[in-house]
1. Roughly how far apart, in whole Å, are the Cα centres of the range 138-155 and the range 466-510?
2. Over the chain, what is the percentage of antiparallel beta bridges among all DSSP beta bridges, to the nearest 5?
3. Ranked from highest to lowest mean number of other Cβ atoms within 10 Å per residue, what is the order of the peptides 5-11, 300-306?
4. Given a cut-off of under 8 Å on Cα pairs at least six residues apart, what relative contact order in percent is computed for the range 406-504?
5. When a/c reaches 1.5 or more, the comparison of a/b and b/c decides; with that in mind, is the range 213-341 rounded, prolate or oblate per its Cα gyration tensor?
6. Just want the answer: with Cβ charges of +1 for Lys and Arg and -1 for Asp and Glu, which residue in P249, G155, T218 is farthest toward the dipole's positive end in the range 155-258?
7. What is the extension gain from D94 to R394, computed as 0.36 nm multiplied by their sequence separation minus the C-alpha to C-alpha distance, in nm to one decimal?
8. What FRET efficiency comes out for R234 versus D517 if R0 is 22 angstrom and r is the Cβ-Cβ distance? Round to the nearest 0.05.
Amino acid sequence: MLDAVVVGAGFAGLYMVHLLRNRLGLSVQGIEAAQGVGGTWYWNRYPGARCDIESQLYCYSFSPELEQEWNWSERFPAQPEVLDYLNHVAERFDLMRSFTFDTRVVGADFDETTDTWLVCTDGGARIRARFFIAATGNLSAGRIPDFPGRDDFRGNTYFTGDWPHETVDFSGRRVALIGTGSTGVQLVPHVAQQAAALTVFQRTPAYACPLGNRPLDTEAMARIKANYPAIRQREWDFPGGVIFDDVRPSALAETPEARQHFYEQKWRAGGMNLWLGSYEDILVDERANETVAEFIRDKIRTRVENPDTAEKLTPRGYPFGAKRQTLEDGYYDAFNQDHVELVDVRTTPIECITPDSIRTADRDYLVDDIIFATGFDAFTGSLYRMNIRGRGGRLLSDHWAAGPRPYLGLNTSGFPNLFFITGPLSPSVLFNMPRAIEQHCNWVADCIAHLLEHDYRAIEAEPEAEQGWVEHVREVADATLLPKADSWYLGANVPGKPRVFMVYLGGCANYKKICDDVTAAGYQGFALTPTTSPDTA
Ligand code: NA7
């Protein structure tokens, strides 16, 4: 029997295996569906795929040596560079040998007689372990909507989250792209450059802001390296873990002129500046939000030449920032080219896909290729497809039928010794992911060390603590504007999924303090089962 099974070889799985094996000396088996490490950065290889958090932040902080030896080439690293980085980490910390690749977990059952997990893979392996750790990512279960006729299409179809490894050449082809979230917005300018015709099918217009990418030269990288300790400290001062200069309390407290000037500065600064680094009240006050929303709408109108297209691209009816901020580099300009067309599927819905077209309420769009940039079954999708069963054989998806409910986002009642890394109800995607991941993995590794040291065989969230956390996460979210859009944060993009805001919005520093306090209070809210409990005596 092993000490732990870790599922996933992205940022989370790699660090989790490093902590458990290299620091605690435990026996660990990593399991990964892909043929290599990287997680999100392995699968999302579409043209233009790029991280939209600054490279100096979007990396591990646990090893000063690693920080000093790795050079980032751009402010926002492209997918191949992040993947190279993760391969480098895997090799540097000798992690590859602990993983089985090209293998999916198809079942995980908690055995109440031994307090162990039996993990089954599609390769037929049955692995028994004390701890089962899901480092499966929040945006890893891809979702292509069930358009009637989808399987009859005779051309090529692509899903952005499972992009082919070989280069795809769209030269001379008529391409349809469905979806205008972060992914679609990144893709459009690249496909437009190649394709003979590009038709973009948009359901909800994005409030896309400029990415502001630039190369990092040797001097810039040297400055970053010299500053890493200070950067790492400052990250925790910001609720989203991304550092900004000059964040102001209230948009409504300033004159329209001062506000306009400030928004211009933030627009030019790029990245998440307008979203998380401008005025603190724009995500909690609708009137404040409207000031920045209108600023962005104006920018779109000036960027897009055709007034009808500009109007279709202009977001309304939901607050800026209530959906994940999308960042663009040439997105709006692409629509100024004659061969790029925008279809608003709210006015003319997609009725079906035929063998050679996408048919909307009023037209047939003849296409050779269809790209689905339609997003993910976020947070729970990757967990449910592992068929995890806890006490009494209860499926995780049944326990969470009304919405996910893990205490602190880390463990859920009835599923002892199962840990989620940046799972639902943790700060996860609304904190800088690598930092959130490190915090979670550190907590889990410390917890496991504690259990082993003090001879506990199991840990499990208490139902009351779990319920309390569910309510707290909801209250914090309801104090903001974020639940006011149909986003994947809410599960709104998946028909039938319970509408529960799945991210803890209290900030990672607060969250870390809550986790640390829970630990200091002897794992308050968790039941710990001693090895010599009456059950085993
Ligand atoms: P997103 O942000 O979920 O975007 C998916 C897009 O696909 C979005 O514009 C959706 O419109 C659209 N969509 C989904 N279903 C349909 C149907 N049935 N018809 C038309 N359009 C549809 O996923 P991304 O991959 O772009 O980004 C995911 C995250 O990865 C991103 O936020 C970053 O954190 C990294 P909708 O807005 O739902 O109306």
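FYI, it's all coordinate maths here, none of it is from the lab. Remember, it's a predicted structure, so these values are computed and weren't measured experimentally. Cβ: placed from backbone, ideal geometry, glycine included. Neighbour counts: every protein chain shown.
1. Going from one Cα centre to the other spans 26 Å.
2. 40 percent
3. 5-11, 300-306
4. In percent, rounded to a whole number, it is 33.
5. Cα axes put the range 213-341 in the oblate bin.
6. Positive-most Cα among the choices belongs to G155.
7. 104.3 nm
8. Working: r = 23 Å, r/R0 = 1.04.
That gives a FRET efficiency of 0.45.
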